[in-house]
Amino acid sequence: MRVNAYAAPAAGLPLAPTTVERRAVGPNDVLIAIRYVGICHSDIHTVRGEWGPQPFPVVPGHEIVGTVVEVGSDVTRHRPGDRVGVGCLVNSCGRCAPCLGGDEQYCARGPVFTYAFTDHDGTITQGGYSTHIVVDAHFVLSVPDSLDPAAAAPLLCAGITTYAPLRRWGAGPGKRVAVVGLGGLGHMAVKIAHALGAEVTVLSQSLKKQEDGRRLGADHYHATADPATFTELAGRFDLIVNTVSAEVDVNAYLGLLTVGGVLASVGAAPGPLVVDGFLLSSAGRVLAGSMIGGIALTQEMLDFCAEHGIGADIEVISADQVNEAYERVLASDVRYRFVIDTATIG
Ligand code: NAP
Ligand code: ZN
């Protein structure tokens, strides 16, 4: 089946309308009519070639919400008409220790991401800036009806990517959590950490978004451009979640951790991190990474967000505005996630 989509034809070129082929629905597959798709900074890193060579043309998009059109003969979990979501993962081996432990994103054979990856059948995956997608049912999430579908789309990446380290490192009552960067991931981290009961601080480049930060659930807000922030907050936090899309001075943030505190980095700027070993060891601090989250945890996150009435703060755009939206994301001028209305694709 050929479907309409938006693709980057080559590294750094603007996205333009195209068509892509979707496979026939197999016994374990779900055909989804995509309704909304979020724009993640990872889409931009990918199509600009910042993460190395890509199999262009690339159709980005891994924050997908839509409706089931058809299911394969062996699918029992989803039915036509159900509201569903697809995030960054569309396949994994299903047999290795990480897959069996619910961490499909760390599959030993290599996870298959939603776009620009080679799937097990040898085809290149094409993402959600598109009208339809066919996905193995294991990787299709149920999106609770109480969530607004457009605001739910960013949960499929920004939501799970921040929920995972917040849960893993015990964000909750009595814990001081800082979120570095108030963009798509950062604003979800603030909402989720607040809903988990933590005391939340935003560390943003400036105080421009301070009012928003407090509305989203932050108790405190500081500018990282002000050197006083780093002396005032030294040793303060149990957990810092770094969501910055550019290189950061890891050591400046390690210094803000309490004894045994954790700096969980989810921002994916390319390049090495230079770590001051003394800062790390002298207070038993932990430098941790985290990548999206497994399928079961993603469903838990969606149910948690439904229970707490959490969606992303979004600006819905038409597909022909995508290149302009990319520029605004790059300028940190996003409040706080762009979501494409897929009815405008084609
Ligand atoms: P985003 O919406 O662009 O937000 C990034 C934020 O980082 C900006 O809003 C800005 O916050 C801050 N920032 C940007 N440039 C900066 C600079 N030069 N110095 C300091 N701060 C800067 O991006 P996103 O979609 O949230 O994604 C954030 C990062 O996470 C990207 O690298 C993305 O690829 C990565 N990511 C990782 C995973 C994972 O699984 N680990 C999943 C999804 C995305 P302020 O304006 O508040 O300073
Ligand atoms: Zn993403």
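The values are calculated or read from the model by the stated rules, or taken from the named source; none is laboratory data. Fair warning: this is a prediction, and the values are worked out from it, not measured in the lab. FYI the Cβ positions are ideal-geometry reconstructions off the backbone, even for glycines, and counts take in every protein chain you see. The protein model used for the area step is the full one, side chains on, heavy atoms only, and it has no ligands, DNA or RNA in it. Shrake-Rupley method; radii C 1.70, N 1.55, O 1.52, S 1.80 Å.
Taking the highest mean first, how do the peptides 68-78, 239-249, 119-129 order by number of other beta carbon atoms within 10 angstrom per residue?
Values: 68-78: 15.1, 239-249: 21.5, 119-129: 18.8.
With the highest mean Cβ count within 10 Å placed first, the list reads 239-249, 119-129, 68-78.
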Which whole number in µm²/s is D for the chain by Stokes-Einstein, with the Kirkwood Rh taken over Cα pairs at 4 °C and 1.567 mPa s? 64
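Can you tell me the length gained on complete extension of the stretch Asp145 to Thr229, counting 0.36 nm per residue apart and subtracting the Cα distance?
Values: separation 84, 0.36 × 84 = 30.24 nm, distance 4.17 nm.
Length difference between fully extended and current span is 26.1 nm.
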Karplus ³J(HN,Hα) for the stretch 58-65 (6.51 cos²θ - 1.76 cosθ + 1.60, θ = phi - 60°; Hz, whole; x = Gly/Pro) runs 10, 9, x, x, 9, 10, 10, 10
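If packing is taken as the average number of other Cβ atoms within 10 Å across a peptide's residues, how do 158-166, 283-291 rank, most packed first? All intermediate terms of the calculation are to be shown ahead of the outcome.
Working: 158-166: 28.4, 283-291: 15.3.
Ranked by mean Cβ neighbours within 10 Å, highest first: 158-166, 283-291.
I need to check one value: relative contact order of the chain, counting alpha carbon pairs closer than 8 Å and at least 6 residues apart, in percent.
Numbers: 853 pairs, mean separation 64.5, N = 346.
Normalised by residue count, the contact order of the chain is 19 percent.
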Starting from the Cα of Asp320, step 7 Å along the direction of its Cβ; do the same at Ala33; then give the gap between the two resulting points in nm. 2.3
Taking θ as phi - 60°, what are the ³J(HN,Hα) couplings along the stretch 150-160 by the Karplus curve (6.51, -1.76, 1.60), each to the nearest whole Hz, with x for Gly and Pro? 5, 6, 7, 3, x, 5, 5, 10, 4, x, 5
Which residues in the stretch 219-263 have a backbone N closer than 16 Å to a point placed 7 Å from the Cα of Leu330 along the Cα-to-Cβ line? 245-247
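I want the local charge near Ala312. Using Cβ-Cβ distances under 14 Å, sum +1 for each Lys or Arg and -1 for each Asp or Glu among the other residues. Mind dumping the intermediate values first?
Numbers: positive: Lys191, Arg215, Arg335, Arg337; negative: Glu63, Asp148, Asp212, Asp313, Glu315.
Summing Lys/Arg as +1 and Asp/Glu as -1 gives -1.
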For the stretch 159-289: rounded, prolate or oblate by the Cα gyration tensor [a/c cutoff 1.5]: rounded
Cα gyration tensor shape of the stretch 1-125, rounded if a/c is under 1.5, else prolate or oblate by comparing a/b with b/c: oblate
If I take every Cα pair under 8 Å that is 6 or more residues apart in the stretch 192-329, average their sequence separation and divide by the length, what percent do I get for the relative contact order? 16
Helix-only estimate, please: 222 nm mean residue ellipticity of the chain, summing -39500 (n - 2.57) across DSSP H runs of length 4 or more and dividing by its residues, to the nearest 500. -6500 deg cm²/dmol
Specify the residue with the greatest mean-square fluctuation among Lys191, Lys208, Lys175, computed from a Gaussian network of the chain linking alpha-carbon atoms under 10 Å apart. Lys208
So for the chain, taking the charge dipole from beta-carbon charges (+1 Lys/Arg, -1 Asp/Glu), which of Pro80, Pro14, Leu141 sits furthest toward the positive end? Leu141
Please get the size of the charge dipole for the chain, origin at its Cα centre, with Cβ charges of +1 on Lys and Arg and -1 on Asp and Glu, quoted in debye to the nearest 20. 340
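Per residue, how much accessible area does the chain show when a 1.4 Å probe rolls over the protein heavy atoms, in square angstrom?
Normalised by residue count, the accessible surface of the chain is 40 Å².
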Per the 1.4 Å probe, what fraction of the accessible area of the chain, in percent, lies on carbon and sulfur atoms? 52
Is any residue of the stretch 45-67 close enough, with backbone N under 20 Å, to a label point placed 7 angstrom from the Cα of Ile124 along the Cα-Cβ axis, and if so, which? 45-63
Specify the inter-centroid distance of the stretch 83-144 and the stretch 170-246, based on alpha-carbon positions, in whole Å. 31
